[in-house]
1. At least 1 residues that are under 22 Å from the mean Cα position of the chain (by Cα) and surrounded by 19 or more Cβ atoms within 10 Å (Cβ to Cβ) in each: list the strands (runs of 3 or more DSSP E) lying fully within region 57-136 that qualify.
2. Does Arg28 satisfy being within 21 Å of Glu6 (Cβ to Cβ), basic (Lys, Arg) and open to solvent by 40 Å² or more (accessible area, probe 1.4 Å)?
3. If you check Thr385, Thr321, Thr335, which single one turns out to be more than 18 Å from the chain's Cα centre (by Cα), in contact (Cβ under 8 Å) with a residue 24 or more places away in the chain and open to solvent by less than 40 Å² (accessible area, probe 1.4 Å)?
4. Taking region 143-178 as the search range and keeping residues that are open to solvent by less than 10 Å² (accessible area, probe 1.4 Å) and not hydrophobic (A, V, I, L, M, F, W, C), which one is nearest to Asp332 (Cα to Cα)?
5. Which one is farthest from Tyr261 (Cα to Cα) among residues in region 338-347 that are surrounded by fewer than 18 Cβ atoms within 10 Å (Cβ to Cβ) and in contact with a strand residue (DSSP E or B) (Cβ under 6 Å, 6 or more places away or on another chain)?
6. Just to be sure I understand, how many residues within region 176-221 are at pLDDT below 90, closer than 30 Å to Ala257 by Cβ and acidic (Asp, Glu)?
7. Within region 83-109, work out how many residues are within 20 Å of Ala193 (Cβ to Cβ) and free of Cβ contacts under 8 Å to residues at least 40 places away in the same chain.
8. Could you run through region 212-269 and say how many residues are part of a strand (DSSP E or B), within 21 Å of the chain's Cα centre (by Cα) and charged (D, E, K, R)?
Amino acid sequence: MSGDREHELVLFGATSFVGELTAAYLARHAPAGTRIALAGRSRQRLEAARDRLPAPGGDWPLVVADTSDTEALARMAAATDVVATTVGPYAKYGMPVVEACATAGTHYADLTGEVQFAREAIDRFDEVARSTGARIVHSCGYDSIPSDLAVLLLHSRVQADGEGELTDVTAVARIRGGVSGGTVDSMRGLADAAKADRSVFRLLRDPFGLSPERDAEPETRQPSDTPTPHRLHGRWVAPFVMASYNTRIVRRSNAIAGYSYGKGLRYGEVMGVGKGPVGAVAAGAVTAGLGGLLAGLSTPGVRQVLDRVLPKPGTGPSEKTQETGWFRHDVDATTTTGARYTARVSGSGDPGYAATAVMLGESALCLALDGDRLPNRTGSLTPATAMGPALVERLRTAGHVYDVAPA
């Protein structure tokens, strides 16, 4: 990083639903004097979004750039230390931004939960980013920071206690929040890609689909992403919609770190839905609903009906839903010595939006301002391997909980 670029941080997609939330968070919480700019394809919309920001956001410069304009993206990337982008679906719009940042040696953070996009970005630009010193960090929101940092903290505590390596780790996620049109649009794109290209379908089914070197992965059998409803510690659990992505990020972190978590790591995620008969019914309903949604998005006719009733791109939860939402992950772990640990990660605000704005905002600030405290790695990374303890510290200061203790 040159240290003398015009901006320290550019928020690309600042007029999107989550982009505006992130801009407002940065306006309230970025250290005084941080050089931040807002970017997007429409100056008029950028000006309107900027006018809604608290001070000092109303004075931030604007950068007009579109994902179809490679020259504008190159200028944007060259003028800043970090680009944080909310412009998705990333499989449709994200690759030119990754290319611009990797080429310019500019750190990059996004919110993707799209396996096929992350895989392609890794394959195309990891070596480029290594050569320029860029950190390309995918999934800096609720996809997949709570999962990735929880397992990192478990590993660090187990290592400090001399209790060997992690073996079985299970996260039970509980959330309250809404669904945005952008998330649904990403799911549509994923369904279309898997239907059109058999290799995408196989990638989605591969538990090590984001591994830096697939052939080097241990043949450790991994938990199912779609388990049948069952009871765990007295609570009914069902499949978690984000498990098929979050688990790949955690396994990639383990591989990038030289399998320091453990080559025998088995990591899975489920959704906690309640206790007793009510919990059993809820677990069945969640399982059926998730399966029906994914099948429906791939089925002509049903897809058209869902398109009429599901949220449209650019929309998101109400302000009340954002404020009353929350997330909590309870993560149980065992080690090669038989020791047991538990981690808790939680935060207030709708997880995909209000809480994600905190996570993306702090990730961007971490990449921009905490260079001397970050792991000595470049290239295509994960939140844990790019920022690690520095990001944990930031999120704790922002009010999120990251705790680990012996069970």
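The values are calculated or read from the model by the stated rules, or taken from the named source; none is laboratory data. These numbers were taken from a predicted model, which means no experiment stands behind them. With ideal geometry, Cβ positions are generated from the backbone for all residues, glycine too; neighbour counts draw on all protein chains shown. Only protein heavy atoms, including side chains, enter the accessible area calculation; ligands, DNA and RNA are left aside. Shrake-Rupley method; radii C 1.70, N 1.55, O 1.52, S 1.80 Å.
1. Those strands (runs of 3 or more DSSP E) span 80-85, 107-109.
2. no
3. Thr335
4. It comes out as Ser147.
5. Arg344
6. Going through region 176-221 one residue at a time, the tally reaches 1.
7. 6
8. Matching residues across region 212-269 total 2.
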